[in-house]
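Undergrad: I'd like to ask you about the structure that follows.
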Amino acid sequence: MPELPTLPIKSLQRFKGIDFPEDIRFGQILVTGPPGAGKSTLIVRLGGWSEEGYLDLGRKHWWRSEILSVRPREIHLGLPFQGLANAVSVFDAEFLDRDPLPPVDFDRIVLPPRKRYFFSVDWYRRYVFEFMLPPPELVFERRVERARHSTHPVDAQLSLRICTAQLAVFRSVAEFLHRKGFKVYLREGADGHPSRFPDPQSQP
């Protein structure tokens, strides 16, 4: 399936001096992206929950996870990859040690039920996924500098190829969640302009 284009979001509001889509609430935001994308920086500026939570999208009822009870929240995604029995993060050795790096197994991502009754929860509108996706060269530069100080174990295995592949994984997951009906938007950095994918009816 071809990569979806993105469109700049025109109707904006500001939280803590940062632009966000006008149609979301502060308490919906889940910030995710690969290592070095700037998730922690954004969450700290927002005054959100900066301790990284791990969310396994291959697990039943992940949408009920306790880590999602406090928002805005920074989350790492555990993902099912082709050829791997269990979901892993893009910085886990099970993913990084494969050659070539495996693609996401989207058939194993578990989706919440659709809202059927007036009083039932609409999980597809409860959360808004912000994907932070800077250029891979910038992520690599940040992580090389960070690795010099040995502050993040995830920087032990590091190359521009790996950074590029990790960003591609998150971009593909963002598209998948959008196609399935979740509210998703993207940005390159905390001060960057948020963008979105076209609505399903307007996609080419």
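The values are calculated or read from the model by the stated rules, or taken from the named source; none is laboratory data. Everything numeric here is computed off the predicted structure, so don't read it as measured data. FYI the Cβ positions are ideal-geometry reconstructions off the backbone, even for glycines, and counts take in every protein chain you see. Surface accessibility is based on the protein's heavy atoms, side chains included, excluding ligands, DNA and RNA. Shrake-Rupley method; radii C 1.70, N 1.55, O 1.52, S 1.80 Å.
Undergrad: Can you name the helices of the chain, as whole DSSP H runs, whose Cα span along the helix axis is 24 Å or more and whose Kyte-Doolittle mean is not below 0.0?
TA: The qualifying helices are 160-179.
Undergrad: So for the pair HIS193, ARG125, with labels modelled 7 Å out along Cα→Cβ, what separation do we get in nm?
TA: Going from the HIS193 label point to the ARG125 one covers 2.9 nm.
Undergrad: Treating the beta-carbon of each Lys and Arg as +1 and of each Asp and Glu as -1, no other charges, what is the dipole magnitude of the chain about its Cα centre, to the nearest 20 debye? Before the final figure, lay out each step's value.
TA: Details: 29 positive and 25 negative charges, 170 e Å.
Dipole size: approximately 820 debye.
Undergrad: What order do GLU94, GLU66 take when sorted by accessible area (1.4 Å probe), most exposed first?
TA: Greatest to least solvent exposure: GLU66, GLU94.
Undergrad: Considering only lysines 8 or more places apart in sequence, or on different chains, count the pairs in the chain whose C-alpha atoms sit under 24 Å apart.
TA: 12
Undergrad: Still on this structure, I have one more. Per residue, how large is the accessible surface of the chain? Use a 1.4 angstrom probe and give square angstrom.
TA: So the chain comes to 53 Å² accessible per residue, rounded to a whole number.
Undergrad: Mind checking the full-extension length gain between LYS10 and VAL144? Use 0.36 nm per residue of separation minus the Cα-Cα distance, one decimal, nm. Provide the component values of the computation, followed by the final result.
TA: Details: separation 134, 0.36 × 134 = 48.24 nm, distance 3.46 nm.
That works out to 44.8 nm of additional length.
Undergrad: Of LEU133, GLY36, PHE119, whose Cα points farthest to the positive end of the dipole of the chain (charges on the beta-carbon: +1 Lys, Arg; -1 Asp, Glu; origin at the Cα centre)?
TA: Sorting the options by dipole projection puts first PHE119.
Undergrad: Evaluate the relative contact order of the chain (contact order divided by residue number), counting alpha-carbon pairs under 8 angstrom at least 6 apart; express in whole percent.
TA: 27 percent.
Undergrad: In what sequence, largest accessible area first, do LYS115, LYS183, LYS10, LYS39 appear using a 1.4 Å probe? Walk me through the numbers on the way to the answer.
TA: Details: LYS115 90, LYS183 40, LYS10 185, LYS39 10 Å².
Reading off the accessible areas and sorting them downward yields LYS10, LYS115, LYS183, LYS39.
Undergrad: How far apart, in nanometres, would the label points at THR41 and ASP97 be if each is projected 7 angstrom from Cα along the Cα-to-Cβ direction?
TA: My value for the distance between the label points is 3.3 nm.
Undergrad: With all protein chains present, how much of the accessible area of region 1-84 (probe radius 1.4 Å) comes from carbon and sulfur, to the nearest whole percent?
TA: Here it works out to 49 percent.
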